[in-house]
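The values are calculated or read from the model by the stated rules, or taken from the named source; none is laboratory data. Every value quoted in this text rests on a predicted model; they were computed, and no experiment measured them. Don't worry about glycine lacking a Cβ; one is built from the backbone with ideal geometry, like all the others, and counts go over all protein chains shown.
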């Protein structure tokens, strides 16, 4: 076994020579070092953090040492095809065995495997469990077993696949290190992955689940009309109206029928929209996906059938038109926004009808008592998330890491204006309860409290503070330091809120703002200041790069090449590569070698064309 220093050097050499990167990203280095050293490993990295490299780099290190082929178990044929296509584009000997291939194609792949010509082989969990496939594995050298989307083997996971439960049988045929990878495992699911795959003293790698460029928000909307208005507002704010421009958006719906009606409504509103769901023909799905990737459709309305394995960097907004069935599903889908690191929005539209829709969808198939319990708990977690007045990103990170040490993000709707969120939540969730009229003395307490405020606050937050709540959300408005804090602890919150409403109606208090009304003293000036979060968000948005002639030319070039090679656009090179070329303006092959994410194989294939485009589109100061 090579020394740790040699193993690390080999891994970085593969990273640089094949994938075109000089350094690993957060979590990748730890995972790769563990796998290359021969340890069983569980990798939990968020969507877009580069999980695939955590097994692809060790696979190529093992192949170069003559240790054999890496077997990758993947749940979706489309995902396998994308991975294989991207690897072949980098000169890697990769292949897949799946049911979409005819007998001749399958024989060709098996022949390559038996001759030791494959560095990676992708198969489905169903094929991995076949006795005939196990016998085939007994005839070849296998260096590593990678289980992608490993949460599928857990009954507590959000996408349970019974076929995954038999993957531990492979250990009886191939005694090699195992790496299990997922983006959406809670601590409970992580424990089950270790047990189900019979991992031996595994290294546990957990990445940073925060996405500092994503702005998470929840909007309560009871009707489709309200949801459509909120969706159009979000898409328009991202600059996605019309057929020409940069950036794209995804709108997720829970049902196939809803994707079609929402897509039609968005088209009528002037958006270049299409829809995608598993009920469409394969050709229709392929056209919808390719249209979205090439920018002909800037908005794609889809069920959860779309997205796994998709690597589109400039998705500026993701709207969940209907609430998904779990936080795991939500974070995985929302995490497809802003993969280029630029500011992007993730909006969840929530209504009580969504919970009923999800329960109906869950009841449509057979399930065990354990799965039904998991589904109920998952829906309860989503509902809590939608009703919490706490940093959205912090709540999501805590769900996956089991730790609440994540700092507040400063960008989500709660961090930007917790009063507004609480006010909107109050309007949506107001229950029919018996209201107790407050005496005049209590009304004077309310007026005195408002007079002591530093800025307008929401009616709900004010009522909570007067009852004595110590919620963190009350810190921002200075409500925890009010002299009247807790003075009305003998009254319930709805009664205090009703009393505030009465004072507003009589003119003793005044409303400020339209979208999220707040409470203030009549005729008292409000100091004009932006919140720190709002200012930070505006600064972040202002840093979005403007498209140049060279960037547009490179984007058009990769679209043409993608069509000619029958590749997805990002397989030619990613958006971040275009930005790096535009910024560095390479003149030679050595300059191209310093572009992150390009790599020697793609430089050899596309280098002359790229350099010619750079010469044709000089910078303005040249």
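A few points about this structure:
- The residue of segment 411-431 that is modelled with the lowest pLDDT, among those that are in a loop (DSSP other than H, G, I, E, B) and surrounded by 24 or more Cβ atoms within 10 Å (Cβ to Cβ), is 411.
- Among the conditions (1) within 21 Å of residue 46 (Cα to Cα); (2) buried (at least 18 other Cβ atoms within 10 Å of the Cβ), residue 119 misses just one, which is (1).
- Criterion violated by residue 48 - all others in (1) modelled with pLDDT under 90; (2) outside any helix (DSSP H, G or I); (3) buried (at least 22 other Cβ atoms within 10 Å of the Cβ) satisfied: (3)
- Per-region count, segment 262-289, residues more than 18 Å from residue 241 (Cβ to Cβ) and crowded, with 16+ Cβ neighbours inside 10 Å: 7
- Cβ separations smaller than 7 Å between residues 6+ apart or across chains give the following pairs from segment 289-301 residues that are over 14 Å from residue 263 (Cα atoms) to residues that are at pLDDT below 95 and assigned to a helix (DSSP H, G or I): 293/569; 294/559; 294/569.
- Total residues in segment 481-519 satisfying the condition of being on the phi > 0 side of the Ramachandran plot, at pLDDT 85 or above and in contact with a helix residue (DSSP H, G or I) (Cβ under 8 Å, 6 or more places away or on another chain): the figure is 1.
- Verdict on residue 246 being assigned to a loop (DSSP other than H, G, I, E, B), farther than 16 Å from residue 317 by Cα and within 23 Å of the chain's Cα centre (by Cα): no
Condition check ((1) assigned by TED's automatic domain parsing to the domain that holds residue 152; (2) more than 14 Å from residue 170 (Cβ to Cβ); (3) surrounded by 15 or more Cβ atoms within 10 Å (Cβ to Cβ); (4) touching a helix residue (DSSP H, G or I) at 6+ places or on another chain (Cβ under 9 Å)) across all residues:
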{"position": "65", "(1), (2), (3), (4)": "yes, yes, no, yes"}
{"position": "72", "(1), (2), (3), (4)": "yes, no, yes, yes"}
{"position": "79", "(1), (2), (3), (4)": "yes, yes, yes, no"}
{"position": "82", "(1), (2), (3), (4)": "yes, yes, yes, yes"}
{"position": "111", "(1), (2), (3), (4)": "yes, yes, no, no"}
{"position": "115", "(1), (2), (3), (4)": "yes, yes, no, no"}
{"position": "133", "(1), (2), (3), (4)": "yes, no, yes, yes"}
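- The residues listed here are 105, 117; of these, the one that is at pLDDT 90 or above and part of a helix (DSSP H, G or I) is 105.
- Checked across segment 252-264, the condition of being in a loop (DSSP other than H, G, I, E, B), more than 26 Å from residue 144 (Cα to Cα) and either in contact with a strand residue (DSSP E or B) (Cβ under 6 Å, 6 or more places away or on another chain) or not assigned by TED's automatic domain parsing to the domain that holds residue 316 (or both) holds for no residue.
- Applying the condition of being within 14 Å of residue 161 (Cα to Cα) and out of contact with any helix residue (DSSP H, G or I) (no Cβ under 9 Å at 6 or more places or on another chain) to segment 358-369 and asking which residue is modelled with the highest pLDDT yields 368.
- Put simply, of 545, 522 the only residue that is assigned to a loop (DSSP other than H, G, I, E, B) and at pLDDT 80 or above is 522.
- Filter result (surrounded by 14 or more Cβ atoms within 10 Å (Cβ to Cβ) and closer than 13 Å to residue 20 by Cα) within segment 594-620: 595, 596, 597, 598, 599, 600, 601, 602, 603
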